[in-house]
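Trainee: To start, I am sharing the structure in question, which I have written as structure tokens.
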Amino acid sequence: MPKVIPINEEYYFKDGLIISSTDLKGIVTYANRTFCEISGYSKEELIGSNHNIIRHPDMPKAAFEDLWDTISLGRDWEGVVKNLRKDGRYYWVYTFITPIKNGDSIVGYSATRRPTKKDELEKAIAIYSDLLAKELSESYTVKL
């Protein structure tokens, strides 16, 4: 699938729940109709693709490291995420991810997302701006 080029235009959605499931490697195994509508991808394009198909490059790596560290330990994770639509526009969601278990073993992950509230978004943007600035400054630091 060709790489999506982000454009600086927000796609707003006011209601509905985006629901998806993945395997342990982040490969989409389920996508509800709302996920398809909001992301701009068809169900056939999403199922079997890595969930990072909707990862926006403005999201700091540290946010996803925290997410994966948390859910791989069997704990729930929640927070605000900026996603990338197929058409290049972005959308913000408040995300709740929980491990799917079979007995004591984690077999996948389930995510439910809703529109963000203004205060959640403002807080996330401030945190992510700081994290991105730090990541950029570290990547340009010459290490001898």
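The values are calculated or read from the model by the stated rules, or taken from the named source; none is laboratory data. Just so it is clear, the model here is predicted, and its values are computed rather than measured. A quick note on method: Cβ atoms are made from the backbone with ideal geometry, for glycine too, and the neighbour counts reach across all protein chains shown.
Trainee: With respect to the numbered conditions (1) touching a residue at least 12 places away in the same chain (Cβ under 8 Å); (2) in a helix (DSSP H, G or I); (3) not aromatic (F, W, Y), which one is the sole condition not fulfilled by D119?
Mentor: Against the list (1) touching a residue at least 12 places away in the same chain (Cβ under 8 Å); (2) in a helix (DSSP H, G or I); (3) not aromatic (F, W, Y), D119 comes up short only on (1).
Trainee: If you don't mind, there's one more thing I want to ask. Any residue that is touching a Leu at 6+ places or on another chain (Cβ under 8 Å) and on the phi < 0 side of the Ramachandran plot - is there at least one of those in the stretch 86-96?
Mentor: yes
Trainee: So N52 ticks every box in (1) of a type outside the set (D, E); (2) in a strand (DSSP E or B); (3) farther than 15 Å from I18 by Cβ but one. Which box is left unticked?
Mentor: Among (1) of a type outside the set (D, E); (2) in a strand (DSSP E or B); (3) farther than 15 Å from I18 by Cβ, N52 violates only (2).
Trainee: Also, I was wondering about something else. E78: of a type in the set (D, E), at pLDDT 95 or above and not in a strand (DSSP E or B), yes or no?
Mentor: So E78 fails the test.
Trainee: Go over the candidates Y94, Y41, Y30 one by one and state the one that is part of a loop (DSSP other than H, G, I, E, B) and among the hydroxyl-bearing types (S, T, Y).
Mentor: Y41
Trainee: Taking the residues in the stretch 22-65 that are within 12 Å of the chain's Cα centre (by Cα) and of a type in the set (D, E, K, R) as candidates, determine which candidate is farthest from D104 (Cα to Cα).
Mentor: D58
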